[in-house]
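S.K.: Next up is a structure, given as structure tokens.
The values are calculated or read from the model by the stated rules, or taken from the named source; none is laboratory data. Predicted, not measured: the structure shown is a model, and the values here were computed from it. In this analysis, Cβ positions are derived from the backbone assuming ideal geometry, glycine residues included, and neighbour counts consider all displayed protein chains. Each accessible area value is taken on the protein alone, full model and side chains, heavy atoms only, with ligands, DNA and RNA left out. Shrake-Rupley method; radii C 1.70, N 1.55, O 1.52, S 1.80 Å.
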Amino acid sequence: MLKMQSVRVDIEGVQVLRDLSLALEPGKATVLIGRNGAGKTTTLRTVMGLLPLQGGKIRLGDTDLAAIPSHHRAAHGIGYAPEDRRLIPSFSVEENILLPALALKLPADERRQRLEDVYTLLPELQALKSRPGGGVSGGQGKMVALGRALMVARSLLLLDEPFQGLAPALALDYTRTLGRLREQKQDLTLLITESSPHLLDAVADRTLRIERGSITSAEGG
Amino acid sequence: MLQSLVPLLVDGLANAALIFFVAVGLTLVFSVLRILNVAHGSFYSIGAYAAASIGLWIVSSGFSPYLTFPALLLSAALVAALFGPLVERTLVRWTYGKSEAVQILVTFGLFLILEDLQRMVFGVQSLYEDTPMALLGITEIGGIVYLNYQLLLIGLAAVVIIGLRLLIRHTRHGKFLAAVVADREVSQTLGIDTNRVFIMAFALGVFLAALGGALATPTSGVAPGLGAETVVLAFAVAAIGGLGQIEGAAIAAVIVGLARVLAIYYAPALDAVAPYLVMLVVLLIRPYGLFGSVTTRRI
């Protein structure tokens, strides 16, 4: 599974990840906990290839991720839902979800199957599917972003602060959805960032703590 | 009164069509690549030179003069194929994410290079090649004579507006274009090759500019300095419509086209400044253009 070894990443000359090392276990959910600015988002963005490595290694199974361009990572089955949703506002919800299928040139039946899986897991999206991506609420947008990431995620799903800005009831919904996802797709590996501990206790197999760009402790698993 | 207004309208719209091709290319490149390409007008004049040269060659070689019609389209396609990927990969890509000052300096440098290149290849004399316009002839309605070629220009502009919309709404690559405009990074994480989208958008922008230039040759010929003149006008139109807005560019082109023709008919001294007077008024009232806004990015 995903393995980061002594990863160093700078943003505008400031070192954000300092020799960060972590290894995810296949089929397990790992929660990355840390304060704002600790490097949680940077860790996920680095896995997606949005930030260049200054040092260290990232591997997914036998693949050297650092050697493949950012846009090829989706083809390796890594799905990513950024913290601020970032839907394409002029596309409908369904078009947003289907966009990666279009980019990955999935055959029609595979595309249909994955879309159906997303609607089974997130039935509320079915009712929203014709709404423009720019016209859904923050909470709904989080669900759409999750659905879109699930279209891609065959091996690894990265969720960046999924509860950020969610009302408590919606956060609970989201947690339940993640629970169902774990049951349905037992071979999918999850890496979820969160700033407040315990929100994800029900989902987490393992909790890593990140401080000033390095993993400081690990619990569970 | 009406009798004198209709030809004025046709003149204005034909004029608008030519400006629209360039301005929509400029606005497209701006919204996808987020650069203001100062050299954009040079592709218009290169398209014009290519169309005039190919047209003159067709006629002088004794081929059917009707071949000059596909030659207009072919010239634009050749210019786009030759310059689009080359310029984007070698020069423009280094300016992504840099300050506007750097982008303007680099593309201004490109503009100077392209201007000299045109003088080297095509010389400094003007070229005239109006076979397509002569072949299409005129239509007389109610005692007023219209150039059929002008009607063709108006029709083609409509085809381009609809075509671009269909491309962006309903084709795979068009959707990638819209996605990259909205969010480059997320597009990348979803598997879209943004570099390819940039090349495609830039080449499409070059094609539209060159098409404008090619289509303009039968009506006005081509002479040195055309590129600079055109890019300033295209900037004005794109600014009036709101940068990044396809329909905005179309409506702005109509306003500017009509303003110019009105000036030519009623106040010839104001011909050259009419577009900028319109821009001044629009930007004073709406600083982001008629259809532009500060926050939303769409295409």
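S.K.: Give, as a single signed number, the net charge of other residues whose beta carbon lies under 15 Å from the beta carbon of B:R93, with Lys and Arg counted +1 and Asp and Glu -1.
M.R.: Net charge around B:R93: +3.
S.K.: When only the heavy atoms of the protein chains count and the probe is 1.4 Å, how do B:M120, B:M200 rank by accessible area, highest first?
M.R.: Output order, biggest surface exposure first: B:M120, B:M200.
S.K.: Also, I was wondering about something else. Considering the dipole of chain A built from charges on the beta carbon (Lys and Arg +1, Asp and Glu -1) around the Cα centre, which of A:L122, A:V203, A:Q15 is farthest to its positive end?
M.R.: Result: A:Q15, furthest along the dipole toward the positive end.
S.K.: With a/c under 1.5 counting as rounded, go ahead and sort the stretch A:1-93 into rounded, prolate or oblate using the C-alpha gyration tensor (a ≥ b ≥ c being the square roots of the eigenvalues; past the cut-off, prolate if a/b is larger than b/c, else oblate).
M.R.: rounded
S.K.: Treating the angle as unsigned and between 0 and 90°, give the value, to the nearest 10°, between the Cα long axis of helix A:108-121 and the longest Cα principal axis of chain A.
M.R.: Once rounded, the angle reads 80 degrees.
S.K.: Next question. Within a Cβ distance under 15 Å of A:R131, other residues only, what is the Lys/Arg minus Asp/Glu net charge?
M.R.: So the environment of A:R131 carries a net charge of +1.
S.K.: Next question. Mind giving me the nanometre distance, one decimal, between the label points for B:I141 and A:T120, set 7 Å out from Cα along Cα→Cβ?
M.R.: Going from the B:I141 label point to the A:T120 one covers 6.0 nm.
S.K.: In addition: Can you put A:H198, A:H76 in order of accessible area, largest first, using a 1.4 Å probe?
M.R.: The ranking, largest first, comes out as A:H198, A:H76.
S.K.: Sticking with this one: Using the Cα centre of chain A as origin and beta-carbon charges of +1 (Lys, Arg) and -1 (Asp, Glu), tell me which of A:V136, A:L24, A:A74 is placed farthest towards the positive end of the dipole.
M.R.: Sorting the options by dipole projection puts first A:A74.
S.K.: Next question, about the same structure. Find the relative contact order for chain B and round it to a whole percent, using C-alpha pairs within less than 8 Å whose residues are 6+ positions apart.
M.R.: Dividing the mean separation by the residue count of chain B yields 37 percent.
S.K.: Report, in debye and to the nearest 20, how large the dipole of the protein assembly as shown comes out about its Cα centre when Lys and Arg carry +1 and Asp and Glu carry -1 on their Cβ.
M.R.: 1040
S.K.: Turning to a different aspect of this structure: Given the DSSP H assignment, sum -39500 (n - 2.57) over each helix run of at least 4 residues in chain A and divide by its residue total; what's the result at 222 nm in deg cm²/dmol, nearest 500?
M.R.: -10000 deg cm²/dmol
S.K.: Once the principal axes of the Cα atoms of the protein assembly as shown are found, what is the range along each, listed largest first in whole angstroms?
M.R.: Taking the Cα atoms of the protein assembly as shown, the three principal extents are 88, 46, 46 Å.
S.K.: Additional query: Under a point spin-label approximation (7 Å from Cα along Cα-to-Cβ), what is the B:R119-A:A202 distance to one decimal in nm?
M.R.: About 7.5 nm separates the two model spin labels.
S.K.: For B:F108, B:F122, give the ranking by accessible area with the largest first, probe 1.4 Å.
M.R.: So, going from the largest accessible area down, we get B:F108, B:F122.
S.K.: Accessible area per residue of the protein assembly as shown at 1.4 Å probe, in Å²?
M.R.: In whole numbers, the protein assembly as shown has 43 Å² accessible per residue.
S.K.: Percent of Cα-Cα pairs more than 28 Å apart in chain B, please.
M.R.: Cα-Cα pairs of chain B separated by over 28 Å account for 37 percent.
S.K.: In the stretch A:8-98, which GluC sites (Glu not before Pro) are in a loop and have at most 10 other Cβ atoms within 10 Å, using DSSP for the loop call?
M.R.: Those satisfying the criteria are A:E12.
S.K.: Give the peptides B:203-216, A:177-190, A:33-46 in descending order of average Cβ contacts within 10 Å, highest first.
M.R.: Result, highest mean Cβ count within 10 Å first: B:203-216, A:33-46, A:177-190.
S.K.: So which residue, out of B:Y265, B:Y44, B:Y66, gets the largest mean-square fluctuation from a GNM of chain B using Cα contacts under 10 Å as springs?
M.R.: Answer for the Gaussian network model of chain B: B:Y265.
S.K.: Let me ask something else. Run the helix sum for chain B: -39,500 (n - 2.57) per DSSP H stretch of 4+ residues, divided by residue count, reported at 222 nm to the nearest 500 deg cm²/dmol.
M.R.: Roughly -25000 deg cm²/dmol at 222 nm, from the helical runs in chain B.
S.K.: Another question, then. Please give the net charge around A:T177, taking every other residue with its beta carbon less than 15 angstrom from that of A:T177, where Lys and Arg add +1 and Asp and Glu add -1.
M.R.: Residues close to A:T177 contribute a combined charge of +2.
S.K.: Viscosity 1.002 mPa s, temperature 20 °C: Stokes-Einstein D of the stretch B:72-221 from its Kirkwood Cα radius, in µm² per second?
M.R.: 118
S.K.: Please express the Cα-Cα pair-distance distribution P(r) of chain A as a list of whole percents, one per 10 Å bin, running from 0 to the bin with the greatest distance.
M.R.: Going from the shortest bin to the longest, the percentages are 8, 35, 38, 18, 2.
S.K.: For the protein assembly as shown, what number of Lys pairs, 8 or more residues apart or on separate chains, have alpha-carbon atoms under 30 Å from each other?
M.R.: 29
S.K.: Which distance in Å, rounded to a whole number, links the C-alpha centroids of the stretch B:147-166 and the stretch B:203-281?
M.R.: 16
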